[in-house]
Amino acid sequence: MDPFFVVKTALDFEQASLSLEAAVTSHGFGVLGIHDLGQTLRSKGMAFKEQCRVFEVCNPKQADQVLNIQMKLNMALPCRISVYTENNQTHIGMIRPEGMLLALSDDGKLRSIATEVECTMIEIIQTASKVGRPS
């Protein structure tokens with residue numbers, strides 16, 4: 001299975017970013033931080049032409065469950081969803097949480113949590129990518 005889940009959207013970069021924020025909260029997650037990598041790279045003198053924002057997102061209940069299984073997994077949290085442009089096309093995507101978490105821990109209790117998180121994050125991305133999504 002592809003470790004990435006990425007969708008193209010007809011929304012422009014700013015619209016997709018706003019739509020993602022709304023979709024995250026409507027699915028019971030919170031946005032903990034937003035890193036504008038494109039802006040940061042350009043501010044450091046790099047000739048980075050694309051746009052790229054990384055949204056740190058988290059569901060507190062699920063994060064608590066993961067950390068209670070194995071505290072070291074804090075290094076894989078929070079989850080991240082990116083909005084980025086490539087060749088004049090806007091994308092919204094993530095590294096699949098299930099594959100990442102299961103690669104880091106062999107605790108069987110983790111699988112159901114990771115699967116649930118991944119399913120919700122796929123829904124978030126699909127919702128955010130739809131044209132006409134209220135912002």
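The values are calculated or read from the model by the stated rules, or taken from the named source; none is laboratory data. All values reported here derive from a predicted model rather than from experimental measurement. Every residue, glycine as well, gets a Cβ built from its backbone with ideal geometry; the counts of neighbours run over all protein chains shown. What goes into the accessible areas is simple: the full protein's heavy atoms, side chains included, and nothing from ligands, DNA or RNA. Shrake-Rupley method; radii C 1.70, N 1.55, O 1.52, S 1.80 Å.
Observations
- In region 1-28, the qualifying residues are those that are in a helix (DSSP H, G or I) and not small (Gly, Ala, Ser), and the one that is farthest from residue 49 (Cα to Cα) is 25.
- All positions within region 29-77 that are modelled with pLDDT of 95 or more, not hydrophobic (A, V, I, L, M, F, W, C) and not in a helix (DSSP H, G or I): 30, 33, 35, 36, 44, 45, 49, 50, 51, 53, 56, 59
- Criterion: closer than 25 Å to residue 39 by Cβ, free of Cβ contacts under 8 Å to residues at least 24 places away in the same chain and either touching a helix residue (DSSP H, G or I) at 6+ places or on another chain (Cβ under 9 Å) or open to solvent by less than 50 Å² (accessible area, probe 1.4 Å) (or both) - qualifying residue of 102, 77: 77
- Filter result for the condition that a residue is modelled with pLDDT of 95 or more, in contact with a His (Cβ under 6 Å, 6 or more places away or on another chain) and surrounded by 13 or more Cβ atoms within 10 Å (Cβ to Cβ), over 127, 85, 120: 120
- Members of region 55-86 found to be out of contact with any Asp or Glu (no Cβ under 8 Å at 6 or more places or on another chain) and aliphatic (A, V, I, L, M), listed by number: 57, 63, 66, 67, 71, 73, 75, 76, 77, 81, 83
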